[in-house]
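Each value in this text was obtained by applying a stated rule to the coordinates, not by laboratory testing. The structure displayed is predicted, hence computed values, not measured ones. No Cβ is skipped: glycine too gets one built from the backbone with ideal geometry, and neighbour counts run over all protein chains shown.
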Amino acid sequence: MPTNIEIKARVDSLEKLLPVVASLADAGPEHVVQNDTFFSCPNGRLKLRVLRDGRGLLIYYRRADELGPKPSFYVHSETSDPEGLRSVLTDAYGEVGRVRKHRTVFRLGQTRIHLDRVHGLGEFLELEVTVGDTLEPDAAVSEAHRLLAAFGIEDGALVKGAYLDLLDAAETTHMRPCPRG
């Protein structure tokens, strides 16, 4: 299975981060609107990503929900009928949530740099460093740490889990009754 080293951090301002990322990047920016539907999956995560042009990607991945750089193993398949596939997967597995985001993508060597505006959550930086022919896992982790430092991202900004988990946590927090005092 293809592997990335992945890390995610909350950022105060994508506008402030954008010129720093752009000055270091080899390619980009590419602007992408994504609508991800997650389905019940006992041994990882399964999501259908619908893109603005009507294409879809079915993506299965496994990664630990922890802070810091971590391996993410993934496979994906394209579809020209994402709505039909969503309907089948919802009937078969059950939909567990949706994540909508605007993503600005840059490339720097073996790294995809995502500047994400996630509906209902805010702004994030996500790094995906490709492990493979040119980078071993340890080197990919080092590259992720180097880029975090270059972008001025502190350890306290790191988040674990998927955007779906953060949305679920935000909903739970908003639904708690106010304490009386």
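Points to keep in mind about this one:
- In the chain, the calculated helix contribution to ellipticity at 222 nm averages -8500 deg cm²/dmol per residue, counting -39,500 (n - 2.57) for every DSSP H run with n ≥ 4.
- Restricting the trypsin sites (Lys or Arg not before Pro) of region 1-68 to loop positions (DSSP other than H, G, I, E, B) with no more than 11 neighbouring Cβ atoms within 10 Å leaves ARG52.
- When region 1-112 is reduced to its Cα atoms, the Kirkwood hydrodynamic radius in Å: 15.7 Å
- Neighbour counting of Cβ atoms within 10 Å sorts the residues ILE5, ILE113, ILE153, ILE59, fewest neighbours leading, into ILE59, ILE153, ILE113, ILE5.
- Relative exposure of ASP36, ASP133, judged by other C-beta atoms within 10 Å (fewest first): ASP133, ASP36
- For the chain, lysine pairs separated by 8 or more sequence positions, or belonging to different chains, with Cα-Cα distances below 15 Å total 5.
- Relative contact order for the chain, counting Cα pairs under 8 Å that sit 6 or more residues apart, in percent: 30 percent
- Here's how it looks for GLY109: its modeled amide H is under 5 Å from those of ASP26, which are all 5 or more places away or on a different chain.
- Qualifying GluC sites (Glu not before Pro) in region 77-181, DSSP loop, other Cβ atoms within 10 Å at most 16: GLU154
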